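The values are calculated or read from the model by the stated rules, or taken from the named source; none is laboratory data. All of these numbers come straight from a predicted model, not from anything done at the bench. Neighbour counts are summed over all protein chains in view; Cβ atoms, including those assigned to glycine, are modelled from backbone coordinates with ideal geometry. Keep in mind that these areas ignore ligands, DNA and RNA; they rest on the heavy atoms of the full protein, side chains included. Shrake-Rupley method; radii C 1.70, N 1.55, O 1.52, S 1.80 Å.
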Amino acid sequence: MLVTAAAVQTSASAAAAGCQVSYSVGSSWQGGFSANVTVTNLGDAISGWRLVWSYTAGQTITQLWNGSYTQAGAQVTVTNASYNAAIPTNGTASFGFNGAWTGSNPAPASFSLNGTTCTGGVNPTTPPPTTGPPPTTPPPTTPPPTTPPPGTSQPCDIYAAGGTACIAAHSTTRALYAAYNGSLYQVRRSSDNTTRNIGVLSPGGRANAAGQDSFCANTNCVITIIYDQSGRGNNLGYQGAGGVGGAVQPAVANKESVTVGGDKVYSLYIPGKSSYWRDGHLTGVPTGAAPEGMYMVTSGTHVNSGCCFDYGNSETTRRADGAGAMDAIYFGTSCWFGGCSGSGPWVQADLEYGLYPGGSSSWNSNQRAFTSKFVTATLKNNGTSRFAIKGSNAQSGSLYTLYDGSLPRGYSPMKKQGAIILGSGGDCCIDNTNQSVGTFYEGAMVAGYPSDATENAVQANITAAGYR
């Protein structure tokens, strides 16, 4: 569900002071919502900002990007990040956040900027400061970037800054938000069937592999849950006995270790007969013809042609329910419709009733194989007319556009159901075993159709992460 609050126009004082604040709720779900705020400075240039407002219906912020926040009761205070501190005259600064609510979710009635109540006009009567000479360098004429550079944020911060917030974020290797300090995944050991959550070494950092090693010493461990970092609760459980239902088993926890930024981490290594799933249609996962995007980091050296190593939107019924019921990234060597050139592995779109290399069942001549150890794969779909597939080496280089064009015939509008699948096709694991092989390091799904610039920034962040 999409709810948009009316923009609130306000002002604040500096020397000559005034501002406009746009506060909009981009999406909401049971118990939660996401919002975007843009502050336009109508007065003199400022070099740092603090925006304050109060909620009237008990809302609370749970996660914020492009700034930092504190909340004391109803009052929220948001301060700038390093890269958006300066706001020139007529410039803007933006941030977004996830929140929790019950009952109703009205927009704040008023805002204050840098300690002054916003009133809606420019106030030129306050004299300029007398503590120093006027600046010799004019303020910049363009606003700061809305997408922070890769070194100051993680993939889901970048997506949010581009207006397409993550609705699910999964990884066994690292945090996908700069502020995330929670659990990445859960392991269960065979010696006594107890479980432990594996978190990060520091906020926004890599997985605590040493914690897993200590807990799993002298016994075997499997990965039972991959936690959702977005705050929406879209945790993935394995499709098998003791999991979320189905006929497969959880993946072995220490099958493959790699390093990210020099730290040892473990992948989700699926040699077949493992798969993970979540029904997210009530917790933010796009349904029907709603637009969405996604990415994953996988491996080009551990693949097969079994159907289907997917990550993305799938059926809540766990059945093949028809064309457009799925919208997921596929990576592997399956040549579904025949006529493929080469042996892959390829990034394709699993839209149900077929793995599509492009806009039709004919082979897409722009396809290319990705055989590197680490591979970035992306997919985005506006739900009615257009989708795009991209891929790249996850250690270096830019994304390569494999296809960007019309949906295949019979797939408009899309009929997504809002479950999340990882490691298999949508109908693999109720009464048979998963035939696909693959490796998953990280991935996320977003609401909306992400821009090329946003996807490029995510790829830059991935290559800078240092997978080895």
Could you check, for region 401-424, whether at least one of its residues is assigned to a loop (DSSP other than H, G, I, E, B), open to solvent by 20 Å² or more (accessible area, probe 1.4 Å) and over 21 Å from A323 (Cα atoms)? no
Of the residues in region 25-53, those that are open to solvent by 10 Å² or more (accessible area, probe 1.4 Å), in a strand (DSSP E or B) and over 21 Å from V285 (Cα atoms) come to T38, T40, I46, R50, V52
Next item on the list: Would you be able to say whether some residue in region 391-399 is of a type in the set (G, A, S), open to solvent by 10 Å² or more (accessible area, probe 1.4 Å) and assigned to a strand (DSSP E or B)?
Entry: no
Look at G443 and say whether it is surrounded by fewer than 21 Cβ atoms within 10 Å (Cβ to Cβ) and not in a loop (DSSP other than H, G, I, E, B). no
Scanning region 166-204 for residues that are free of Cβ contacts under 8 Å to residues at least 40 places away in the same chain and over 19 Å from G243 (Cα atoms), the one surrounded by the fewest Cβ atoms within 10 Å (Cβ to Cβ) turns out to be S202
Being under 30 Å from T317 (Cβ atoms), at pLDDT 95 or above and over 25 Å from the mean Cα position of the chain (by Cα) narrows T164, T195, T172, T224 down to just T195
The residue from T56, T116, T60, T92 that alone is of a type in the set (S, T, N, Q), at pLDDT 85 or above and either open to solvent by less than 80 Å² (accessible area, probe 1.4 Å) or in contact with a Lys or Arg (Cβ under 9 Å, 6 or more places away or on another chain) (or both) is T60
Of those in region 72-84 that are surrounded by 14 or more Cβ atoms within 10 Å (Cβ to Cβ) and modelled with pLDDT of 85 or more, the residue nearest to A45 (Cα to Cα) is N80
Within region 259-305, the residues that are among the β-branched types (V, I, T) and open to solvent by 10 Å² or more (accessible area, probe 1.4 Å) are T259, T283, T287, T301, V303
When region 345-357 is checked residue by residue, the ones that are on the phi > 0 side of the Ramachandran plot and either open to solvent by less than 10 Å² (accessible area, probe 1.4 Å) or of a type in the set (V, I, T) (or both) are G354
Next on the checklist: Condition (residue is within 20 Å of I270 (Cα to Cα), touching a residue at least 40 places away in the same chain (Cβ under 8 Å) and under 17 Å from the mean Cα position of the chain (by Cα)) applied to region 426-434: is it met by at least one residue?
Outcome noted: no
Exception for Y238 within (1) at pLDDT below 95; (2) more than 22 Å from G448 (Cβ to Cβ); (3) touching a Ser or Thr at 6+ places or on another chain (Cβ under 7 Å) falls at (1)
Note on region 1-24: residues surrounded by fewer than 21 Cβ atoms within 10 Å (Cβ to Cβ), at pLDDT 75 or above and either in contact with a Ser or Thr (Cβ under 7 Å, 6 or more places away or on another chain) or in a loop (DSSP other than H, G, I, E, B) (or both) are Q20, S22, S24
Only unsatisfied item for N432, checking (1) buried (at least 19 other Cβ atoms within 10 Å of the Cβ); (2) modelled with pLDDT under 95, is (1)
May I ask you to verify whether G233 is under 14 Å from T172 (Cα atoms) and either in contact with a strand residue (DSSP E or B) (Cβ under 9 Å, 6 or more places away or on another chain) or open to solvent by less than 60 Å² (accessible area, probe 1.4 Å) (or both)? no
Of the residues in region 93-117, those that are closer than 27 Å to G18 by Cα and part of a loop (DSSP other than H, G, I, E, B) come to N105, P106, A107, P108, A109, S110, N114, G115
Scanning for something assigned to a loop (DSSP other than H, G, I, E, B) and farther than 25 Å from S274 by Cβ, does region 325-337 turn up at least one residue?
-> yes
Within region 266-291, of all residues that are assigned to a strand (DSSP E or B) and touching a Leu at 6+ places or on another chain (Cβ under 9 Å), the one farthest from L176 (Cα to Cα) is I270
